[in-house]
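Below: one structure in structure tokens.
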Amino acid sequence: MTEQHQSESRPHSRYTRQMRYAPIGAAGQLKLSGSSAVIVGMGALGSVIAQHLVRGGIGKLRMIDRDIVEWSNLHRQLLYMEEDAEQMLPKAQAAYHRLKAANSLVELEPVVADLAPHNAEQLLTGFDLILDGTDNFTARYLINEISIKHNIPWIYGGAVGGSGVTASFIPGETPCFQCLFPVPPSAGAIDTCETAGVISPIIDIIASMQAADALKWLTGNRQAMNASLMQADVWHNQWFGIRTDQSSKPDCPVCQLRRFDHLEACHDETSAASLCGRNTVQITPAREMQAVLPEVARRLSAAGRIVLTRYLLRLELQDSNMTFVLFSDGRALIQGTDNLIVARKLYESLLGA
């Protein structure tokens, strides 16, 4: 076969097995190739979801993540390799390189950012579907409000230990996320990857269920979508679904009263948040900055060992066991502590209040 013939036949043969599945067929594949989605969080769940959608032939995929690849990610975040951790690549960028090599026909857009009230509408609107790959309720409440406000369906997923849960939310048809979870769980009330650990098979299962519902929606098979809050425990071999069609709350502030309190929240101060299971605090400035990383590196060179990459600055402090990772938007990760006060003080001492 000539090189030209290979080039011409490759796109046409790529999806043949998927198109032979009757519910998708040629028409569904065409819809999928003309569709778009955005994934929030390219960690464990997000990296599996992205592979299914990209290899399946979605038209466009935006991938949002605030973090970098670390060694502790590699046992469950199946898209990443050792070299990604060695190079401290942002997950969104590492995902882009891996997925582009898997399917060059898909339009991929990596975004290194933390989803927040000031950028949520810019990052999440204009897509056919939103997929949750996050590990925190704050981001999910933001996604839910964007979903209702802009009439975009989204698919929730979460996993810890050997169990996980997923549900699909369609504005105007299903209860919204806040109907099911009116308030976030209090600190320490639920298990996290830090307290209970996590095994990779449950990640694959939950993310694959999310991806399956995404394929249903994007290929025009919405009637086949999951209508329950599905729960799975692979360690104890338990599967069950909880019907949610009667769970809409007539006084829900989001889907009924159309109040978007999380989106409209105003943060005038630098915020600090401990990241689940990481012994790391994220510091986010009140307003997005444009840090010139080489200049910051020169100014902080006396404080410890600095590694400067295209995407970030990493400072290993010589007088403590903490590491300071700075992104160009002014956001930072303080590794080696989960104390918010200590992390905020370090940030301000290095960059100014």
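The values are calculated or read from the model by the stated rules, or taken from the named source; none is laboratory data. Nothing here was measured: the structure is a model prediction, and the numbers come from that model. All Cβ positions, even for glycine, are placed from backbone atoms using ideal geometry, and neighbour counts span all protein chains on display. Only protein heavy atoms, including side chains, enter the accessible area calculation; ligands, DNA and RNA are left aside. Shrake-Rupley method; radii C 1.70, N 1.55, O 1.52, S 1.80 Å.
Residue by residue through segment 139-151, which ³J(HN,Hα) values in whole Hz follow from phi under the Karplus form 6.51 cos²θ - 1.76 cosθ + 1.60 (θ = phi - 60°), with glycine and proline marked x?
3J(HN,Hα) across segment 139-151, in whole Hz: 5, 5, 5, 5, 4, 4, 5, 4, 4, 6, 5, 10, 6.
For the pair Thr125 and Asn221, what calculated FRET efficiency results from E = 1/(1 + (r/R0)^6), where r is the Cβ-Cβ distance and R0 = 35 Å, to the nearest 0.05? List each step's numbers first, then the result.
Values: r = 24 Å, r/R0 = 0.69.
The formula returns an efficiency of 0.90 here.
Roughly what % of DSSP beta bridges within the chain run antiparallel, to the nearest 5?
Details: 41 of 58 bridges.
So the antiparallel bridges amount to about 70 percent of the total.
Suppose R0 equals 41 Å. What FRET efficiency, 1/(1 + (r/R0)^6) with r the Cβ-Cβ distance, do His52 and Glu288 give to the nearest 0.05? The partial results should precede the final answer.
Details: r = 32 Å, r/R0 = 0.78.
About 0.80, to the nearest 0.05.
Consider a paramagnetic label point 7 Å from the Cα of Glu173 along Cα→Cβ; state which residues of segment 110-128 have an amide N under 20 Å from it.
In segment 110-128, the label zone of Glu173 (backbone N under 20 Å from the point 7 Å along Cα→Cβ) covers 125-128.
Further, regarding this structure: Return the distance in nm (one decimal) between the two label points of a simple spin-label model at Lys345 and Phe181, each offset 7 Å from Cα along Cα→Cβ.
3.3
What trypsin sites (Lys or Arg not before Pro) in segment 215-263 are in a loop by DSSP, with at most 16 other Cβ atoms within 10 Å of the Cβ?
Details: sites: Lys216, Arg222, Arg243, Arg258, Arg259; in loops: Arg258, Arg259.
Loop-located and lightly packed - Arg258, Arg259.
Stretch Met81-Gln238 to full length: gain in nm at 0.36 nm per residue minus the Cα-Cα span? Show your work: numbers first, answer last.
Numbers: separation 157, 0.36 × 157 = 56.52 nm, distance 3.16 nm.
The span from Met81 to Gln238 would gain 53.4 nm if fully extended.
Give me the accessible area per residue for the chain, probe 1.4 Å, as a whole number in Å².
Values: 17000 Å² over 353 residues.
Solvent-accessible surface per residue comes out at 48 Å².
Tell me, what % of the accessible area of the chain is carbon and sulfur with a 1.4 angstrom probe?
Numbers: 8530 of 17000 Å².
Carbon and sulfur together cover 50 percent of it.
Just to verify a number: FRET efficiency for His118 and Ser247, C-beta to C-beta distance, R0 = 35 Å, to 0.05?
On the way: r = 31 Å, r/R0 = 0.88.
After rounding, the FRET efficiency stands at 0.70.
Express the Stokes-Einstein translational diffusion coefficient of the chain in µm² s⁻¹, to the nearest whole number, given a Kirkwood radius over alpha-carbon pairs, 25 °C and a viscosity of 0.890 mPa s. Kindly include the intermediate steps, with their values, before the conclusion.
Values: Rh = 21.5 Å.
Once the numbers are plugged in, D ends up at 114 µm²/s.
Grab the Cα-Cα distance for Thr138 and Ser104, subtract it from 0.36 nm times how many residues apart they are, and report the gain in nm with one decimal. Please list the in-between numbers first.
Working: separation 34, 0.36 × 34 = 12.24 nm, distance 3.35 nm.
Value of the extension gain: 8.9 nm.
Distance in nm between label sites at Arg20 and Ser228, each 7 Å beyond Cα in the beta-carbon direction?
The two pseudo-label positions are separated by 3.1 nm.
If you don't mind, there's one more thing I want to ask. Which lysines does Lys149 reach when only Cα atoms under 27 Å apart count, and residues fewer than 8 places away in its own chain are ignored?
Of all the lysines, those that pass the test against Lys149 - Cα under 27 Å, at least 8 places apart if same chain - are Lys31, Lys60, Lys216, Lys249.
For a quick protection proxy, order the peptides 334-340, 89-95 by their average other-Cβ count within 10 Å, most packed first. Working shown, then result.
Numbers: 334-340: 18.7, 89-95: 25.6.
Highest to lowest by the protection proxy: 89-95, 334-340.
Specify which residue in the list Ala291, Ala265, Leu275 is farthest towards the positive end of the charge dipole of segment 244-353, using unit charges on the beta carbon of Lys, Arg (+1) and Asp, Glu (-1), about the Cα centre.
Value computed over the given set: Ala291.
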